[in-house]
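Participant: Supplied in structure tokens, the structure appears directly below.
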Amino acid sequence: MVALTLFINLLTAYKAGRDSRVLLSAAGVQMSKEQRQREKSFIKQSFFQGAAIFAGQVTYYVTAPFLTDYSVMLFLDASLWAFMHAFEGEEASLSAWSACDV
């Protein structure tokens, strides 16, 4: 399941970049520096989002067999879920901020 999620995320990022380049070349338009930067930010964000989900799933599957107390497992699941989304959101905001010309 973990490997499948990672594979699908990487495939999606690759396909989106390829489709973007195909559309631009079909229209006869050169990709601007800003567009290339946005594409790099998208790929970076997709990679870190996939890495966060990968780390969360691996952590869950490694720790879950050792836990017998349901309340501890529920707390870990909830906190890992929140951590994954906080990490994704922080990375997305940093990507958007770094793409701006400040």
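Participant: Taking into account only those residues within the range 14-51 that are among the β-branched types (Val, Ile, Thr) and either touching a helix residue (DSSP H, G or I) at 6+ places or on another chain (Cβ under 7 Å) or part of a helix (DSSP H, G or I) (or both), which is farthest from MET84 (Cα to Cα)?
Facilitator: VAL22
Participant: Surrounded by 13 or more Cβ atoms within 10 Å (Cβ to Cβ), at pLDDT below 80 and among the polar types (S, T, N, Q): does that describe SER46?
Facilitator: The answer is yes for SER46.
Participant: Another question, then. Are there any pairs, at least 6 apart or on different chains, whose C-beta atoms fall under 9 Å, with the first in the range 18-46 and at positive phi and the second hydrophobic (A, V, I, L, M, F, W, C), and if so, which?
Facilitator: Pairs that qualify, where the first residue is at positive phi and the partner is hydrophobic (A, V, I, L, M, F, W, C): there are none.
Participant: Return the residue satisfying two criteria in turn: it lies in the range 52-84 and is in contact (Cβ under 8 Å) with a residue 24 or more places away in the chain and not aromatic (Phe, Trp, Tyr), and of such residues it is surrounded by the fewest Cβ atoms within 10 Å (Cβ to Cβ).
Facilitator: VAL58
The values are calculated or read from the model by the stated rules, or taken from the named source; none is laboratory data. Model, not experiment: these values are computed from the prediction. All Cβ positions, even for glycine, are placed from backbone atoms using ideal geometry, and neighbour counts span all protein chains on display.
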